[in-house]
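The values are calculated or read from the model by the stated rules, or taken from the named source; none is laboratory data. If you're wondering where the values come from, they're calculated on a predicted model, not measured in any experiment. Methodologically, a virtual Cβ is constructed for each residue, glycine included, from the backbone with ideal geometry; neighbour enumeration extends over all protein chains shown. Calculation scope for accessible area: heavy atoms of the full protein, side chains included, ligands and nucleic acids excluded. Shrake-Rupley method; radii C 1.70, N 1.55, O 1.52, S 1.80 Å.
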Amino acid sequence: MRALLTGATGLVGDAVLRRCLDDSRISAVVSLGRRRTGLDHPKLTEIEVADFADLSPQRAHLGGVGVCFHCLAAYRNRVGGAAYERVTVAYLAALLAVLKAESAQATFCYFGAEGTRRDGKSWVPALNVKGRAERMVIEAGFPRRYFFRPAYICPSRPRAHPVFYDPVMKPLFRLFPWLGISSADLARAMVETALTDPRAEAVLENREMRGMAARLALPGGATGSGTEGTPGGASRSKP
């Protein structure tokens, strides 16, 4: 299967990329990014993007995609409201339009956040913007779409851009793993869901993803190769 990935230089995108490259079920990975990842792998093709709001120059690379992992994201407190809206909504709209035209049967995986509200009633503006983005994915009409809503994401590898809360959250995560999920386990859950989940649509919350990653980490539990992570408890969320 041919996979398309955005945001490969971010924490989650990097973990998903490594997971895809390590999984024999994925034959090729096309990464769209403003800069290169620095990885060299025969399955990886990196396409530089000057403007994510206009992906027409990259249209030729978006055909024959079986699954898309949209991991391009921004921190609202870093970029401000207008830029956050552009990254979260405008860039997604451009991707959905081109991908739908070139690979209408693709599975679409959206990396979101815990607490996302599609009804716009969250007191956190960023979560309402994320909700709008999720509605856009649904309206695009891909046959299978999955939404991943992790809580705190503990880096399994060093972050390219450290965040201020890691020094506090990482020790808490070690004591209380249910507070979040490791980036490697999140990637494990995302890739496995994309390749095996029979549902047309599902929202996967933090607890379900931790449970899935734990099961996949057991001997014989994973179809692809393993990646370091932190297993947790199991549950099943409603679509």
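Results, tabulated for the structure shown:
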{"read-out": "At least 15 Å along the helix axis (C-alpha) and Kyte average at least -1.0, DSSP helices within the chain", "value": "11-21, 91-102, 125-140, 183-196, 206-217"}
{"read-out": "Built amide H within the under 5 Å cut-off of Cys154, gap 5+", "value": "Ile181, Ser182, Ser183"}
{"read-out": "For region 110-166: span of alpha carbons on each principal axis (Å, largest first)", "value": "36, 29, 15"}
{"read-out": "Extended-chain gain in nm, criterion 0.36 nm per residue less alpha-carbon gap, Ala160 and Arg215", "value": "16.9 nm"}
{"read-out": "Distance in nm between pseudo-label sites at Arg199 and Leu39 (7 Å out along the Cβ direction from Cα)", "value": "2.7 nm"}
{"read-out": "Share of carbon and sulfur in the accessible heavy-atom surface of the chain [1.4 Å probe, %]", "value": "56 percent"}
{"read-out": "Taking the chain and dividing mean pair separation by its residue count, relative contact order in percent (alpha carbons under 8 Å, at least six apart)", "value": "19 percent"}
{"read-out": "Of Leu127, Phe69, Pro57, farthest towards positive along the dipole that unit charges on Lys, Arg, Asp, Glu beta carbons give the chain", "value": "Leu127"}
{"read-out": "Zone of Val124's modelled label, taken as backbone nitrogen in region 148-169 under 19 Å from a point 7 Å along Cα→Cβ", "value": "148-155, 162-169"}
{"read-out": "Interchain or long-range residues, amide H under 5 Å from Arg145's placed H", "value": "Phe108, Glu201, Ala202"}
{"read-out": "Where the chain is the region considered: accessible area per residue in Å², 1.4 Å probe", "value": "45 Å²"}
